[in-house]
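The values are calculated or read from the model by the stated rules, or taken from the named source; none is laboratory data. Since the model is a prediction, treat every value here as computed from it, not as a measurement. When we count neighbours, we look across all protein chains shown, and the Cβ atoms used for this are built from the backbone with ideal geometry, even at glycine.
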Amino acid sequence: MAGMRAPVGAPSSAAIIMAIAGVYVGQSVIAGLTIIGLPAVLRDAGASLERIGLLYITVLPWSLKFLWAPAVDRFRLPAVGGDRSNLVVLVGNALCALGLAIAGLLGESLLSQVACLSFVAFVAATTDIACDGYAVEHLPRRHHGWGNAAQVGSSYLGSAIGAGLFLVLVAQLGWRSACFAMAALVLVLGLPFSLGLGRGNAVGTRSHRPMLLAAFARPEMRDAIVATALFVAAQKWGLAMLGPFLVDQGFSLSMIGVLNGAGSVVLGLSGAVSGGACVRYLGPAKVLAISLLAQAVLLACLAAIALGMDAPLQVIVSVALMASSGVMSFGFVALYSQFMRLADPRQAGVDFTILQCTDGIVTMVGGVAVGWLAERLGYGAIFGAASGVALASILIIFRLFGRIGMREPLTPK
């Protein structure tokens, strides 16, 4: 990250990116544990797909956090005073760690876990508002791409830990020890931001009052919401039952954990880096179109396997990993880089959160519905329908981004 210099006394862009990356990794550990790791544990214990789908209720705080985002922004950016982002993250991470520890004590009861992890998700979502806003405000625009690469890359690293290492620990040490380990990790990862770079010592005055109406009044924000909903449905809905599908294909929890871990780290980070480079030279709309086309092909392959096509173990593993990590991270870098560009610096936490919540709402609705449908129609129908949605979304998203004015590459030719 050469050239990431900051004014004297201010943290460098590289230091800020490393600090926010720690927070993002911790949040993704929680998400990976809840959405990928725990469903595999429950399926291995004999839970039905329909009941497993209830876990997507824990996505609700991430879907609705835009409702309290203005309050968070007003607290961390008072009319007079310094930035309080570090305080929000410090308290939030401590509560998240406590919640994960309690989850370890509760055992594998589905309803108690849904309640506990929903609280953890609420706190983590609130923390995320502060961290996102801080990143948009303190990173120079020319370094937003690096910040977004850190966000997407960290999400895959955290997911690899929460969905991969966590399952290995459950298999080797048991549920309680695995949860305690994740709690300690989340707490440690947030310390560089909370106790160091996120302090925001500068004191200032602010006349703008963060509001939801100010965001929804912008036409480019409304177009971005529609584009986000379509992209998330196309990318995520078909993969909501990927963990249970692999269990039903005969994969052990340990094997799924290793695959989620290694696959997410290698393919997820590779997809994030290559996606960031392609956004700069091709523009976000083209990158999103490429990722949707690739995901449609991979989902069609999964549908064929689910419907009985003979496939070697290596083929199943390769298709599953590419769909869940490589292709998705490649496309989400383009999507989230536009979130940073669209956010108003005066209320960056609010604007960025609205677009993130669109992702969360679509993910939650799809996860619950897909669990219900998969129980009745089978995996083949789910994967096949998702492939069709991905193909149908390409043209619509390309047109929406053209209207927003974000088809062009970030680097002039």
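Can you tell me which residues in the stretch 103-112 are in contact (Cβ under 8 Å) with a residue 60 or more places away in the chain and surrounded by fewer than 24 Cβ atoms within 10 Å (Cβ to Cβ)?
Of everything in the stretch 103-112, those that are in contact (Cβ under 8 Å) with a residue 60 or more places away in the chain and surrounded by fewer than 24 Cβ atoms within 10 Å (Cβ to Cβ) turn out to be Gly104, Leu105, Gly107, Glu108, Leu110.
Checking the stated criteria, Val188 turns out to be at pLDDT 85 or above, under 23 Å from the mean Cα position of the chain (by Cα) and either assigned to a helix (DSSP H, G or I) or surrounded by 22 or more Cβ atoms within 10 Å (Cβ to Cβ) (or both).
Can you pull out every residue in the stretch 64-81 that is among the small types (Gly, Ala, Ser) and surrounded by fewer than 21 Cβ atoms within 10 Å (Cβ to Cβ)?
Ala71, Ala79, Gly81, listed by residue number.
Would you please name the residue that is farthest from Ala19 (Cα to Cα), looking only at residues in the stretch 78-115 that are in contact with a Gly (Cβ under 6 Å, 6 or more places away or on another chain) and at pLDDT below 85? Ranking the qualifying residues of the stretch 78-115, first place goes to Gly82.
The criterion of at least 3 residues that are surrounded by 18 or more Cβ atoms within 10 Å (Cβ to Cβ) and hydroxyl-bearing (Ser, Thr, Tyr) is met by the following helices (runs of 4 or more DSSP H) wholly inside the stretch 266-362: 327-342.
Answer yes or no: is there a residue in the stretch 82-92 that is in contact with a strand residue (DSSP E or B) (Cβ under 6 Å, 6 or more places away or on another chain), within 20 Å of Gly196 (Cα to Cα) and surrounded by fewer than 24 Cβ atoms within 10 Å (Cβ to Cβ). I'd like the intermediate steps shown before the answer.
Step one: list which residues in the stretch 82-92 are in contact with a strand residue (DSSP E or B) (Cβ under 6 Å, 6 or more places away or on another chain), which gives 82.
With the extra rule that they be within 20 Å of Gly196 (Cα to Cα), the set shrinks to 82.
Those left that are additionally surrounded by fewer than 24 Cβ atoms within 10 Å (Cβ to Cβ): 82.
Taking every residue of the stretch 82-92 in turn, at least one turns out to be in contact with a strand residue (DSSP E or B) (Cβ under 6 Å, 6 or more places away or on another chain), within 20 Å of Gly196 (Cα to Cα) and surrounded by fewer than 24 Cβ atoms within 10 Å (Cβ to Cβ).
Evaluation of Ala47 against the conditions (1) touching a residue at least 60 places away in the same chain (Cβ under 8 Å); (2) in a helix (DSSP H, G or I) shows that the sole unmet condition is (2).
Determine, yes or no, whether Ala160 is surrounded by 23 or more Cβ atoms within 10 Å (Cβ to Cβ) and touching a Cys at 6+ places or on another chain (Cβ under 6 Å). Don't jump to the end; show me each part of the working.
On the way: surrounded by 23 or more Cβ atoms within 10 Å (Cβ to Cβ): yes; touching a Cys at 6+ places or on another chain (Cβ under 6 Å): no.
For Ala160, the condition - surrounded by 23 or more Cβ atoms within 10 Å (Cβ to Cβ) and touching a Cys at 6+ places or on another chain (Cβ under 6 Å) - is not met.
Pick out the one residue from Val91, Val72 that is assigned to a helix (DSSP H, G or I) and closer than 25 Å to His144 by Cβ. Working first, answer last.
Numbers: Val91 fails: closer than 25 Å to His144 by Cβ.
The unique qualifying residue is Val72.
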